Amino acid sequence: MLFSLDDTDPDSPFPPATMAETDPDGLLAVGGDLSVKRLLNAYRSGIFPWFSQHQPILWWSPDPRTLLFPENMHVSRSLAKTLRRGLFRVTFDTAFAEVIEACATIPRNDQDGTWITPRMIEAYKALHREGHAHSVEVWRGTELVGGLYGVAVGAAFYGESMFSRATDASKIALVKLVDKLAAAGIAFIDCQVVTGHLLRLGAETVERAAFLALNRQAVCKSVKIGWKESEASETR
């Protein structure tokens with residue numbers, strides 16, 4: 001059963017994420033808006049938006065869910081070598097708009113078009129302005145060559161998208177993000193859906209019920225990440 005959300009009330013509750021089990025891909029609800037309040041409510045409920053340009057807003061809770069626990073991050077020998085070479089500079093929250101726009105426009109072999117629509121871009125920029133959405137930027141000189149963005153709620157970080165214009169740039173962004181989140185006590189990074197790329201980096205699939213239990217615990221915790229504590233980190 002697909003639930004319809006109230007378009008006028010951002011406080012209107014989502015149906016329980018377990019109700020997504022009626023759809024094989026985890027589609028739960030349609031409609032609503034992309035207000036900061038609604039988006040945060042969705043993440044706290046284990047739900048996220050994902051839709052194309054000419055679709056209504058669609059809300060999902062797939063089963064299984066792909067999570068990366070910081071302690072399980074796998075850095076290959078080649079990636080470790082790249083990190084040691086110090087070819088890139090990494091910053092946090094210094095170019096959020098540029099990162100999300102790059103994620104929306106970089107061509108991907110497995111995608112036709114993008115789900116990061118103009119509405120989504122504006123919604124996540126609003127989340128960023130209010131301190132909930134964050135970016136990692138990877139620079140080669142003054143050129144932005146990679147990065148990622150996501151949303152932090154309590155002890156959970158919900159990864160949304162990443163991009164790369166240079167070999168290993170997006171992986172470096174993820175490694176540096178994991179370092180920061182692990183130091184702060186973040187429980188997991190929600191990667192949403194599984195890919196071979198994520199599994200090679202240490203992510204694993206978790207049944208929806210187990211994820212929802214972990215998520216309920218994580219979003220209730222108070223975690224200070226300190227995104228601006230160190231604005232630049234050399235990859236050495």
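The values are calculated or read from the model by the stated rules, or taken from the named source; none is laboratory data. The shown structure was predicted, so the numbers you read here are calculated from the model rather than taken from an experiment. Quick reminder, even Gly has a Cβ in these numbers, built from the backbone with ideal geometry, and neighbours come from all protein chains shown. Accessible surface areas use protein heavy atoms only, side chains included; no ligands, DNA or RNA. Shrake-Rupley method; radii C 1.70, N 1.55, O 1.52, S 1.80 Å.
Summary of computed values
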{"item": "By average C-beta atoms within 10 angstrom, highest first, the peptides 186-196, 46-56", "result": "186-196, 46-56"}
{"item": "Diffusion coefficient, µm² s⁻¹, Stokes-Einstein with Kirkwood Rh over alpha-carbon pairs of region 119-180 at 4 °C and 1.567 mPa s", "result": "107 µm²/s"}
{"item": "On Cα atoms only, tilt of 169-184 relative to the major axis of the chain in degrees", "result": "80 degrees"}
{"item": "Simple label model, 7 Å out from Cα along Cβ direction - Asp11 to Asp179, nm", "result": "4.4 nm"}
{"item": "Cβ-placed point charges (K, R +1; D, E -1), dipole of region 90-168 about Cα centre in debye, nearest 20", "result": "60 debye"}
{"item": "Using alpha carbons only: equivalent-ellipsoid semi-axes of region 23-95, gyration tensor based, whole Å", "result": "34, 17, 12"}
{"item": "Gyration tensor verdict on region 114-236 (Cα atoms; rounded if a/c is under 1.5, prolate if a/b is larger than b/c, oblate otherwise)", "result": "rounded"}
{"item": "Cα centre as origin, Lys/Arg/Asp/Glu Cβ charges: region 20-140 dipole, Debye", "result": "680 debye"}
{"item": "Inter-site label distance for Ser4 and Glu21 at 7 Å from Cα along Cβ, in nm", "result": "2.7 nm"}
{"item": "Label corresponding to mean projected area of the Cα convex hull in nm² when calculated from the structure given, among (1) 19.5; (2) 12.9; (3) 12.1", "result": "(3)"}
{"item": "Of the trypsin sites (Lys or Arg not before Pro) in region 25-134, those whose Cβ has at most 13 other Cβ within 10 Å and which sit in DSSP loop", "result": "Arg85, Arg108"}
{"item": "Extension reserve of the Ala210-Ala80 stretch, reckoned as 0.36 nm per residue once the Cα distance is removed", "result": "43.6 nm"}
{"item": "At 1.567 mPa s and 4 °C, Stokes D of region 63-179 from Kirkwood alpha-carbon radius, µm² per second", "result": "87 µm²/s"}
{"item": "Loop sites in region 152-236: GluC sites (Glu not before Pro), DSSP, at most 15 other Cβ within 10 Å", "result": "Glu207, Glu229, Glu231"}
{"item": "Surrounding net charge for Asp190, when Lys and Arg each add one and Asp and Glu each subtract one, Cβ distance under 11 Å", "result": "0"}
{"item": "Rounded accessible area per residue of the chain, 1.4 Å, Å²", "result": "47 Å²"}
{"item": "Accessible-area value, Phe14, 1.4 Å probe, nucleic acids and ligands omitted, Å²", "result": "30 Å²"}
{"item": "Estimated dipole of the chain in Debye, rounded to 20 [Cβ of Lys and Arg +1, of Asp and Glu -1, Cα centre]", "result": "1080 debye"}
{"item": "Value of relative contact order over the chain, rounded to a whole percent, pairs C-alpha under 8 Å and six or more apart", "result": "26 percent"}
{"item": "Count of Lys pairs (Cα-Cα under 15 Å; at least 8 positions apart or interchain) in the chain", "result": "7"}
{"item": "Sparse-neighbourhood loop sites, GluC sites (Glu not before Pro) in region 126-158 - DSSP loop, at most 12 other Cβ within 10 angstrom", "result": "Glu130"}
